[in-house]
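The values are calculated or read from the model by the stated rules, or taken from the named source; none is laboratory data. These numbers were taken from a predicted model, which means no experiment stands behind them. Here the Cβ positions follow ideal geometry from the backbone for every residue, glycine too, while neighbour counts run over all protein chains shown. For the accessible areas, the whole protein counts, side chains as well, though only heavy atoms, and no ligand, DNA or RNA atoms are used. Shrake-Rupley method; radii C 1.70, N 1.55, O 1.52, S 1.80 Å.
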Amino acid sequence: MEVVDKIKEVMEQRDVSQYRLALDAGIPHSSLSALLKGETKNPSMEMISKIGDALHVTTDYLLGKTDVNLYDWIYSGEGKLQEEIKESSPPYLTGEELDEIPIEDLVMHNLTRKGKPLTKEQKERLSQILQAAADLLDQ
């Protein structure tokens, strides 16, 4: 199975649209569309990696080097890494419960604007803006 077929298969399994995938992967929709139509013969590894990250699959899985998606294995509880992730992650990152999230921590995640990741400086500015807005709520 070719990489394009694998991407389409995972998109269908996860009910992800081209638009959503392009946005989540941080690549232009036109580039993803060209890839899925077969117009892009040799996609870059950077593009494949971004698509894999957005779909939560490994590049090896997309490239057909393995039939086992490491992400599925970890999150299924079969892998020892699952417990290590739970132990090392704050409660709000495990998905088990929604806990208080400090503004400073919230903005350090993979935030995007217009399909592009925020820079560290933008995240710091956003944190300051959110903190100022929260302070106004206290008045």
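What part of the accessible area of the stretch 1-66, given as a whole %, is carbon or sulfur when the probe is 1.4 angstrom?
Details: 1760 of 3830 Å².
Whole-percent figure for carbon plus sulfur exposure: 46.
When only DSSP loop residues count, what trypsin sites (Lys or Arg not before Pro) in the stretch 1-74 have their Cβ near at most 10 other Cβ atoms within 10 Å? List each step's numbers first, then the result.
Values: sites: LYS6, LYS8, ARG14, ARG20, LYS37, LYS41, LYS50, LYS65; in loops: LYS41, LYS65.
Loop-located and lightly packed - LYS41, LYS65.
A 18 angstrom limit on the alpha carbon distance is what I want to check against. Which of LYS41/LYS116; LYS50/LYS116; LYS6/LYS41; LYS6/LYS50 exceed it? Spell out each step's value before the answer.
Details: LYS41/LYS116 25 Å; LYS50/LYS116 12 Å; LYS6/LYS41 15 Å; LYS6/LYS50 14 Å.
Check vs 18 Å cut-off fails for LYS41/LYS116.
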